[in-house]
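Engineer: Sharing a structure with you now.
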Amino acid sequence: MTRDLLVVDKVTKRFGGLKAVGGDAGLSFSVPEGTFLGLIGPNGAGKSTTFNLISGVLKPTSGSVILDGKDLSTARASDIASFGLGRTFQTPRAFPSLTVLENVMVGADNEGETLLSVFRGSWRPRERALRDKAKEVLERVGLTERINDVVANLSGGELRMLEVARQLVRDPKILLLDEPTAGVDPSLQAKLSRFLVDLHGEGRTLVVVEHNLHFLLQIADSVVVLQNGELLSNGTPGEIKSDEKVIAAYLGADHAA
Amino acid sequence: MNTLAQTALTIVMFGSLFSVLTLSLNLQYARGGMINFGTVAYFAAGAYAYAIVTQEPPHGLDQYLVGLDAPWWAGFIAAGIAAMAFAILTGWPTLRLRGEYLALTTFAFAEMLSSLLVNERRIGNGTVGLANVERPDANILGLSENIVYAGAAFLLMLATAYAFSRLLASPYGRAIDAVRDDEVAAQAIGKDIARLRFQVFVLSSIPIGFAGALYAMITTLVNPNLFSAEVTFFVWIALVLGGERTILGAVVGTMALVGFQEAIRAIPFESVRAAEIAASAEDIVTGILFIVILRWQPFAAFARRRQPA
């Protein structure tokens, strides 16, 4: 029995009077360690809000989000990353004044980022190991040839991979990906799904938000379906595919679109 | 010494001195992303701290309360501490603010300090200021005072440039760049934005305090008029002229601006009328030069070619 790494417990989020997530009872689900969880739902279902609640960008109105025993709903944004939660953004965010390699190197928690370390020069010995690790990660995401490039020269898909690389160098306990296929060339999507399957195969815990249902059903091993901010269904891709509520609410709408 | 050499020496002296301010501003703004429109306040804090620590206790018509009569080096250290303390005081409540809001609050803090110095005469005799500021005897080295102080300003500039370049070349500099580029993304990789911004703000104010002490030594006078908002804008213009983000650019921009002003002042005038005309012409020519420089950015291009930062 694997333990639950992330527990979303009776979470609600209201914007003014609007019940964005959780309705009255609250949204609850958990992510066991090593799971590849897909979070799906039609537009406006509350996927992004849920994602932001898990990653600590938004604070829940009630309920709690616990990562490995630590309450994210009261933690500061920078601490959440230090607790082991890695995330990407729906619109990729890179640091334009840094090179591709530096964008990844800056991702690591670095003891060299203190004034004392700068003063003593004690960051230097570690820098080489960090550089090697960053290069290794960049090779994994297929950006080896771009390491000295400026990020302005990267394509949308490459920026997404750069974000993933920046998180992987931190070795997060759980990695949250926000719409990884958005803006990515269909020919690259197959490559992306292989990459995610590889990460999962290494035992990493992944949570992927997508509106591209077919993409997720092929590779996730557990799926949470949201509708109107509430849990519609929760199960394996096989169960989800045959769930009539999901077919009515989501697949129907998807096929109609 | 002939006039040309005198002018050159003055340019090196004040150019180096104000370069320290430009370098600090470069770190705060171009790298740290914080707009400080109160630069002069940290400069004034350093100058006044130096004067108060080194001057004799009050007597006669003096209205100031404290004069410690301590040696110059104690005053110099006090100047750095005073600027740092003022940065902690002003940075703590304001650094959560972004962009123009931070610009306004830092400007307001500087105006408050200026007003305090004018009205609270027990600090430094109000508008009269503190004259005959103590300074080390330069004759010990057997050189003229101007050469000694120009050298001291140059050394302070080099030390500041060295310290900042060392900071920026480290993982710390990388983290600062990341925070300036995108705070949300920086938080997502665990960067403590508040800590980094505060540290950069406080750290970069220390050399400004030292420069203030040196300025007090050179002029042997501190009064509120010397520390008006004009100083802040002067430093900002120097930074823009030199182009942001390079250490060499900050220095070249400041030197060029000081050089231009000193060159105009060095022109010998036959009559008061001629000097008056020259003074107004200086403003016009300065304006035209700014436009020309901003259009073609010669100093920025020069600095970029020499040193990619």
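Engineer: Just to check I understand the Karplus step: with θ = phi - 60° and J = 6.51 cos²θ - 1.76 cosθ + 1.60, what whole-Hz values come out for segment A:45-53, glycine and proline as x?
Structural biologist: Running phi through 6.51 cos²θ - 1.76 cosθ + 1.60 with θ = phi - 60° gives 7, x, 4, 5, 5, 4, 4, 5, 5 Hz.
Engineer: If I ignore ligands, DNA and RNA and count only protein heavy atoms, how much of B:I77 is accessible to a 1.4 Å probe, in Å² to the nearest 10?
Structural biologist: Probe radius 1.4 Å; accessible area of B:I77 about 90 Å².
Engineer: Amide H of A:T35 versus every other amide H placed in the peptide plane: which residues, excluding those fewer than 5 positions away on the same chain, fall under 5 Å?
Structural biologist: It is A:L206, by chain and number.
Engineer: Past 29 Å, Cα to Cα, is the threshold; run A:K13/A:K173; A:K70/A:K245; A:K133/A:K191 against it and keep the listed order.
Structural biologist: Values: A:K13/A:K173 25 Å; A:K70/A:K245 34 Å; A:K133/A:K191 22 Å.
Exceeds cut-off: A:K70/A:K245.
Engineer: Highest GNM mean-square fluctuation, chain B, Cα pairs closer than 10 Å: which of B:V272, B:V252, B:V235?
Structural biologist: Maximum among the listed residues: B:V272.
Engineer: With a 1.4 Å probe, what is the total accessible area buried between chains A and B, in Å² rounded to the nearest 100? All intermediate terms of the calculation are to be shown ahead of the outcome.
Structural biologist: Details: alone 12690 and 15290 Å², together 25550 Å².
Summing both chains' loss of accessible area gives about 2400 Å².
Engineer: Averaging sequence separations of C-alpha pairs under 8 Å and six or more residues apart, then dividing by the length of segment B:3-228, give the relative contact order as a whole percent.
Structural biologist: 39
Engineer: Given a 1.4 Å probe, show me the residues in segment A:88-104 buried by at least 40 Å² of accessible surface when comparing the whole protein assembly to the chain alone.
Structural biologist: A:F89, A:R93, A:F95, A:S97, A:L98
Engineer: Taking a ≥ b ≥ c as the square roots of the Cα gyration tensor eigenvalues, with a/c under 1.5 meaning rounded and otherwise prolate when a/b beats b/c, else oblate, which class fits segment B:3-228?
Structural biologist: Working: a/c = 2.35, a/b = 1.48, b/c = 1.59.
It is oblate, given that a/c is not under 1.5 and a/b is not larger than b/c.
Engineer: Only four residue types carry charge here, +1 at the Cβ of Lys and Arg and -1 at the Cβ of Asp and Glu. Report the dipole size of the protein assembly as shown about the Cα centre in Debye, rounded to the nearest 20.
Structural biologist: Values: 48 positive and 53 negative charges, 90 e Å.
Using only the charged Cβ atoms, the result is roughly 440 debye.
Engineer: Relative to the longest principal axis of chain A, what angle (0 to 90°, nearest 10) does the C-alpha long axis of helix A:124-140 take?
Structural biologist: Orientation of helix A:124-140: about 40 degrees from the principal axis.
Engineer: Could I ask something else about it? Please find, in a Gaussian network model of chain A (springs between Cα atoms separated by less than 10 Å), the residue of A:S242, A:S73, A:S30 whose mean-square fluctuation is greatest.
Structural biologist: In this elastic network of chain A, the residue with the biggest mean-square fluctuation among A:S242, A:S73, A:S30 is A:S242.
Engineer: Residue by residue through segment A:75-81, which ³J(HN,Hα) values in whole Hz follow from phi under the Karplus form 6.51 cos²θ - 1.76 cosθ + 1.60 (θ = phi - 60°), with glycine and proline marked x?
Structural biologist: Once θ is set to phi - 60°, the couplings for segment A:75-81 become 7, 7, 4, 6, 6, 4, 5 Hz.
Engineer: To the nearest 10 square angstrom, what accessible area does B:R295 show with a 1.4 Å probe?
Structural biologist: Using a 1.4 Å probe on the heavy atoms, I get roughly 150 Å².
Engineer: If you don't mind, another one. Among A:A81, A:L143, A:V31, which residue has its Cα positioned farthest towards the positive end of the charge dipole of chain A, with +1 placed on the Cβ of Lys and Arg, -1 on the Cβ of Asp and Glu, and the dipole taken about the Cα centre?
Structural biologist: Sorting the options by dipole projection puts first A:A81.
Engineer: Here's a follow-up. Please sort by residue number the chymotrypsin sites (Phe, Trp or Tyr not before Pro) in segment B:199-301 whose DSSP state is loop and whose Cβ has at most 16 other Cβ atoms within 10 Å.
Structural biologist: Numbers: sites: B:F201, B:F210, B:Y215, B:F227, B:F233, B:F234, B:W236, B:F260, B:F269, B:F290, B:W296, B:F299; in loops: B:F269.
Counting only loop positions with at most 16 other Cβ atoms within 10 Å, the chymotrypsin sites (Phe, Trp or Tyr not before Pro) in segment B:199-301 are B:F269.
Engineer: OK, next. Which percent of the accessible heavy-atom area of the protein assembly as shown goes to carbon and sulfur, probe 1.4 angstrom?
Structural biologist: After summing per-atom areas, the C and S share lands at 59 percent.
Engineer: Please name which of B:L143, B:L155, B:W73 has its Cα lying farthest along the dipole of segment B:53-202 towards the positive end, using unit charges on Cβ (Lys, Arg +1; Asp, Glu -1) and the Cα centre as origin.
Structural biologist: Ranked along the dipole, the leading option is B:L155.
Engineer: Here's a follow-up. Skip the ligands, DNA and RNA, and give the accessible area per residue of the protein assembly as shown with a 1.4 Å probe, whole Å². Can you show the working numbers first?
Structural biologist: Working: 25550 Å² over 566 residues.
Result: 45 Å² per residue.
Engineer: Given the options A:V8, A:S97, A:L159, identify the residue whose Cα lies farthest towards the positive end of the charge dipole of chain A (+1 on Cβ of Lys, Arg; -1 on Cβ of Asp, Glu).
Structural biologist: About the Cα centre, the residue reaching furthest to the positive side is A:S97.
Engineer: Using only protein heavy atoms and a 1.4 Å probe, report how much of B:W72 is accessible, in Å² to the nearest 10.
Structural biologist: 120
Engineer: Here's a follow-up. Let me know the shape class of the protein assembly as shown, please: from the alpha-carbon gyration tensor, a ≥ b ≥ c as square roots of the eigenvalues, rounded when a/c is under 1.5, otherwise prolate if a/b is greater than b/c, or oblate.
Structural biologist: Note, shape of the protein assembly as shown comes out prolate.
Engineer: Among the GluC sites (Glu not before Pro) within segment B:65-142, which fall in a DSSP loop and have no more than 10 other Cβ atoms within 10 Å of their own Cβ?
Structural biologist: Nothing satisfies the criteria.
Engineer: Which GluC sites (Glu not before Pro) does segment A:130-197 hold that lie in a coil by DSSP with at most 15 other beta carbons within 10 Å?
Structural biologist: Taking segment A:130-197 and a limit of 15 other Cβ atoms within 10 Å, no loop GluC sites (Glu not before Pro) are found.
The values are calculated or read from the model by the stated rules, or taken from the named source; none is laboratory data. Worth saying up front: this structure is predicted, and the values here are computed from it rather than measured. Backbone-built Cβ (ideal geometry, glycine too); neighbour counts: all protein chains shown. In case anyone asks, the SASA skips ligands and DNA or RNA and just uses the protein heavy atoms, side chains included. Shrake-Rupley method; radii C 1.70, N 1.55, O 1.52, S 1.80 Å.
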